[in-house]
Amino acid sequence: MSIIYPERFHLAQLPTPIQPLTRLNASHNSDWNNPIWIKRDDLTGCATSGNKVRKLEYTLHEAKQQGADVIITCGGVQSNHARATSVLGAQLGFKVHLLLRGEEEELTHTGNHLLDVLCGAEIDCYSSQHFLSEFETILAGVKSHYEEQGLKPFFIPVGASDATGVWAYIQACEEIKQHCEKEQTYFDHIVCAAGSGGTLAGLTIGAKLHDLHTKAGLNTKVWGINVCDNAAYFEKKALQDIIDWKQKYQMDVDSDDVAIRVIDGYVGSGYAQAEQTVFDTIKQLARQEGVILDPIYTGKAFNGLLQEIARQRFPEGESILFIHTGGIFSLLSNNSQYQAGLTD
Ligand SMILES: *Cc1c(COP(=O)(O)O)cnc(C)c1O
């Protein structure tokens, strides 16, 4: 199907490679047979590494079209989305104002936060409770602060997961389709981490639009492994993003039969908290493949994926494409839990 995409900035290095995890797959061959491939969206850029740059190509273009001068967005103190926005804002000439959730002492000038500061983002930090209860008031205050100076602010929701951001992984599905056609290959499943839901939403509707299918002609199944909240939350959120996208862009696509698939059970003790098993998975992938996962998203999701494979969720022989959504800078933040878990 030929899809008319909205205009966007070209900011990411695309298409990203799709590679088999050869040594990992070989080492598991006697226990299970679900070959894993990864799509290297950690290679979308250097300082812009990860999935958010794909979404921001569309979102920041929309901001420019609306004549915005200032981008306001939000996230945790080690937010990859906030960092990508800071870097791209500098590149495109927007002022960036970040509303970060966390404690002041977590602003360590390391990892993503260092890059936010380096790229000149304005940063306000709020405790989780204050952030949750007062967000609308805080945002309205920051917006009017800029409006009073005659500037036009543009707000991007957490993770750039909204109607606009859905385009990012519809387009990634087009890359997957082209790879499959060129290599005469098929994926039975696509798996990603779900944090704000936009990647899952885009992949789910994108797989349908681009008719991603298995060798037998069945639809490729898309799964999100949630790293916060629960399955019910992401089923609702991702579907809502798709509905909003359909409405905003007048897309004539049937979404009634769209199934949002979420694998719950791997959040552990909370968002950005990782158990030793997650650190062990990160170490394994680093040592076996030279692929660096992160403790907040990709390490947690990949650890969940390995456990689900061991529990035989995926039928024997079926292949899996894991989307490596980035996250390396949080690994490099000054966090004693991560440092202890990742070294031995
Ligand atoms: C934001 C993020 C995710 C989650 O993607 P969503 O579209 O927000 O669900 C996964 N991995 C990394 C590294 C991220 O920064």
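Each value in this text was obtained by applying a stated rule to the coordinates, not by laboratory testing. Keep in mind that this is a model prediction, so the values were computed, not measured. No Cβ is skipped: glycine too gets one built from the backbone with ideal geometry, and neighbour counts run over all protein chains shown.
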- Message: As a footprinting exposure proxy, order Thr137, Thr16 by other Cβ within 10 Å, with the fewest listed first.
- Response: Thr137, Thr16
- Task: Any chance you could count the Lys pairs in the range 226-344 whose alpha carbons are under 26 Å apart, treating pairs 8 or more apart or on different chains as valid?
- Result: 7
- Message: Can you give me the distance in nm between label points at Thr214 and Phe155, each placed 7 Å from the Cα along the Cα-to-Cβ direction?
- Response: 4.4 nm
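Would you mind finding the longest exposed-site-free stretch of the chain, with exposed GluC sites (Glu not before Pro) meaning DSSP loop and at most 10 other Cβ atoms within 10 Å?
Working: sites that count: Glu7, Glu316.
Free of exposed loop sites, the longest segment is 8-315.
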- Row for the chain, column shape: gyration tensor on C-alpha, a ≥ b ≥ c, rounded if a/c < 1.5 i.e. under 1.5, prolate if a/b over b/c, else oblate; value oblate
- Query: In whole percent, what relative contact order does the chain give with Cα contacts below 8 Å and a gap of six or more residues?
  - Reply: 22 percent
- Message: So the label point goes 7 Å from the Cα of Gln247 along Cα→C-beta, right? Which residues of the range 165-198 then have their backbone N under 17 Å from it?
- Response: 165-167
- Note on the structure: Placing +1 on each Lys and Arg Cβ and -1 on each Asp and Glu Cβ in the chain, then taking the dipole about the Cα centre, the residue among Gln19, Asn303, Asn230 whose Cα reaches farthest towards the positive end is Gln19
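Calculated from DSSP H runs of 4 or more alone, at -39500 (n - 2.57) each and per residue, what is the 222 nm mean residue ellipticity of the chain, nearest 500?
It comes out at -13500 deg cm²/dmol, rounded to the nearest 500.
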- Message: I'd like to know which of His113, Leu132, His61 lies farthest towards the positive end of the charge dipole of the chain, counting +1 on Cβ of Lys and Arg and -1 on Cβ of Asp and Glu.
- Response: His61
- Straight-line reach from Lys152: which lysines have Cα under 20 Å away, leaving out those fewer than 8 places along the same chain? Lys64, Lys95, Lys143
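May I ask you to derive the FRET efficiency for Leu118 and Ala232 from their Cβ-Cβ distance with R0 = 56 Å, giving the value to the nearest 0.05?
Approximately 0.90, to the nearest 0.05.
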- Message: Sorting check: for 195-201, 301-307, 252-258, which peptide has the highest mean count of neighbouring beta carbons within 10 Å, and how do the rest follow?
- Response: 195-201, 301-307, 252-258
- Note on the structure: Given Cβ charges of +1 for Lys and Arg and -1 for Asp and Glu, the option among Gly102, Ser319, Gln250 whose Cα lies farthest towards the positive end of the dipole of the chain is Ser319
